[in-house]
1. Among K426, K407, K440, which is more than 27 Å from I230 (Cβ to Cβ) and surrounded by fewer than 19 Cβ atoms within 10 Å (Cβ to Cβ)?
2. Assess whether N135 counts as being more than 14 Å from the ligand (Cβ to nearest atom) and part of a loop (DSSP other than H, G, I, E, B).
3. Take the residues in the stretch 91-114 that are more than 12 Å from the ligand (Cβ to nearest atom) and under 28 Å from F267 (Cα atoms); name whichever of them is surrounded by the fewest Cβ atoms within 10 Å (Cβ to Cβ).
4. Determine which single condition P424 fails, assuming it passes every other condition in (1) touching a strand residue (DSSP E or B) at 6+ places or on another chain (Cβ under 7 Å); (2) under 27 Å from G159 (Cα atoms).
5. Residues that are of a type in the set (A, V, I, L, M), under 28 Å from T330 (Cβ atoms), open to solvent by 70 Å² or more (accessible area, probe 1.4 Å) and modelled with pLDDT of 95 or more: does the stretch 165-173 have at least one?
6. State all residues of the stretch 44-67 that are of a type in the set (S, T, N, Q) and surrounded by 15 or more Cβ atoms within 10 Å (Cβ to Cβ); if no residue qualifies, say none.
7. Would you please list the contacts, defined by Cβ atoms under 7 Å and residues six or more apart or on different chains, that run from a residue in the stretch 198-223 that is in a loop (DSSP other than H, G, I, E, B) to a residue that is away from the ligand (no atom under 16 Å from the Cβ) and open to solvent by 10 Å² or more (accessible area, probe 1.4 Å)?
8. Evaluate the stretch 208-215: report whether one residue or more is open to solvent by 10 Å² or more (accessible area, probe 1.4 Å), closer than 21 Å to V14 by Cα and among the aliphatic types (A, V, I, L, M).
Amino acid sequence: MKLAIVGAGYVGLVTAACFAEMGNEVICVDADAEKINGLKKGRIPIYEPGLEDYVRRNFNEKRLFFTTDLAGSVQKSLVIFIAVGTPQDKDGSADLSAVLAVARDIGKHLNGYKVIVEKSTVPVGTAAKVRAVINEELASRGVDFEYDVVSNPEFLKEGTALDDFMKPDRIVVGCDDVRVAELMKELYAPFVRTHHPVIIMDVVSAELTKYAANAFLATKISFINEIANICSLTGANISMVRQGIGSDSRIGHLFLFPGLGYGGSCFPKDMQALIHTARSHGYPPRLLDAAEAINFDQREKFVEGIKSYFNGNVKGLTLAVWGLSFKPGTDDVREAPALTVVSRLAELGATIQAYDPQGMATAKQELGEMPQVKYVSSCYEALTGADALIISTEWTSFREPDFERMKSLMKQPVIFDGRNLYNPAKIDQMGFQYFYVGKKIGAQ
Ligand SMILES: NC(=O)c1ccc[n+]([C@@H]2O[C@H](COP(=O)([O-])OP(=O)(O)OC[C@H]3O[C@@H](n4cnc5c(N)ncnc54)[C@H](O)[C@@H]3O)[C@@H](O)[C@H]2O)c1
């Protein structure tokens with residue numbers, strides 16, 4: 001099939017590369033000329049394992065094209081995916097300006113029947129807004145072309161995006177027409193040969209499904225963090241409690257790790273957008289509000305814990321930070337808990353020696369000029385002369401470090417582990433003071 005994917009970000013670029021990999025002819029369009037020029041030269045704008053190979057192969061074999069020309073891409077394609085950003089607006093709602101700008105451009109250049117797919121995460125009712133904008137443009141051109149608007153939310157995870165896209169748990173398609181449903185099924189057939197379902201539903205339900213999925217996962221994280229906080233007060237072992245409940249197949253082990261809470265470009269803004277949707281319909285979403293509040297507090301509590309260990313004052317201390325990205329496997333630092341922790345401690349007068357395997361450039365850009373934050377080139381360099389180590393992202397390379405070497409580099413062998421990576425008994429034995437989420441600072 002001939003496809004256009006508008007937006008060459010984490011979702012758009014992966015979607016374009018994976019559809020091309022299956023033999024489709026894909027034009028990937030972005031408004032950012034620098035990004036598109038880079039892609040044409042083989043420069044991948046984000047870190048995503050395996051993506052570079054996919055892009056290079058399909059570009060060289062002329063199934064994947066990059067352009068800033070939206071008009072031409074719309075005219076040459078049957079299916080047009082909108083995969084641009086939907087950031088949080090000031091009132092918490094999803095900012096749809098990029099989605100609607102693309103819809104308007106599509107309306108300006110429509111030249112025959114097209115299927116227009118919402119791939120971006122958009123609130124209930126957006127398909128109707130997309131239609132309204134396109135109809136306005138068609139009316140002003142004095143033309144009348146048929147088209148369909150489909151909701152096809154994306155569930156990929158940064159860090160494993162290619163695998164998630166190539167082997168999805170399910171594909172959700174919201175549409176009002178049986179023929180369009182068949183076309184979408186055909187497009188996705190190569191990805192669901194393992195019998196994972198393509199679930200066809202109405203557009204509004206598909207739009208809500210994406211928010212419901214993210215809200216459930218975010219709530220699961222806040223739930224285990226709340227239990228960890230209760231553990232820290234009662235002396236219960238959060239690791240044992242987690243295993244004890246996760247083994248129940250109704251609960252499961254995934255997304256049940258205590259830590260600094262959720263971040264990234266999706267959960268925080270999608271929770272806010274769903275809360276906004278509920279409120280705008282007169283419904284107070286108490287569970288979602290609580291999950292958000294717990295998540296917000298989690299980072300602040302962690303910083304408070306570090307402060308209290310140092311008798312309320314971190315001024316003049318050198319603190320090593322391992323991990324800046326919002327999770328391992330990505331360079332994405334949007335809403336990363338690590339950045340909140342780093343900026344709070346820097347504001348309190350500590351010097352930060354930070355290391356991340358992929359997220360240094362993006363973190364530098366996001367945090368801006370902060371003289372107290374030094375970016376170093378290895379996790380051990382970060383420890384030189386450090387009064388404590390803070391672990392804020394669970395990169396695999398942090399899981400089995402050389403603890404003896406760490407101790408020899410640090411001024412004080414203290415670890416504040418915001419991701420609960422280590423076995424407390426083992427670390428204590430090696431002479432570290434080890435604090436993790438679920439253990440009260442000061443408790444031995
Ligand atoms: N990142 C994820 O893990 C993920 C997962 C599932 C769903 N989503 C959703 O997918 C959408 C895209 O997210 P992302 O992380 O890929 O965003 P992103 O910021 O990485 O990429 C968005 C791209 O769209 C381009 N763009 C913006 N306006 C444009 C326009 N008018 N015309 C052409 N290009 C334009 C930008 O230049 C950018 O390259 C969001 O709605 C997000 O919530 C993201």
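1. Working: K426 fails: more than 27 Å from I230 (Cβ to Cβ); K440 fails: more than 27 Å from I230 (Cβ to Cβ).
Criteria check complete, one pass: K407.
2. Numbers: more than 14 Å from the ligand (Cβ to nearest atom): yes; part of a loop (DSSP other than H, G, I, E, B): no.
For N135, the condition - more than 14 Å from the ligand (Cβ to nearest atom) and part of a loop (DSSP other than H, G, I, E, B) - is not met.
3. Applying the first criterion (more than 12 Å from the ligand (Cβ to nearest atom)) to the stretch 91-114 yields 91-93, 107-114.
Still in the list and also under 28 Å from F267 (Cα atoms): 91-93.
Numbers: D91: 10, G92: 17, S93: 19.
Here the residue is D91.
4. (2)
5. If we filter the stretch 165-173 for residues that are of a type in the set (A, V, I, L, M), which is where we start, we get 166, 171-173.
With under 28 Å from T330 (Cβ atoms) added as a condition, the list becomes 166, 171-173.
Those still in the list that are open to solvent by 70 Å² or more (accessible area, probe 1.4 Å) too: none.
No, the stretch 165-173 contains no residue that is of a type in the set (A, V, I, L, M), under 28 Å from T330 (Cβ atoms), open to solvent by 70 Å² or more (accessible area, probe 1.4 Å) and modelled with pLDDT of 95 or more.
6. We begin by selecting, within the stretch 44-67, every residue of a type in the set (S, T, N, Q); these are 58, 60, 67.
Matches in the stretch 44-67: N58, T67.
7. Pairs that qualify, where the first residue is in a loop (DSSP other than H, G, I, E, B) and the partner is away from the ligand (no atom under 16 Å from the Cβ) and open to solvent by 10 Å² or more (accessible area, probe 1.4 Å), are D202/D176.
8. yes
The values are calculated or read from the model by the stated rules, or taken from the named source; none is laboratory data. Being a predicted model, the structure only gives us computed values, none of them experimental. Reconstructed Cβ throughout: ideal geometry from the backbone, glycine too, with neighbour counts over all protein chains shown. In case anyone asks, the SASA skips ligands and DNA or RNA and just uses the protein heavy atoms, side chains included. Shrake-Rupley method; radii C 1.70, N 1.55, O 1.52, S 1.80 Å.
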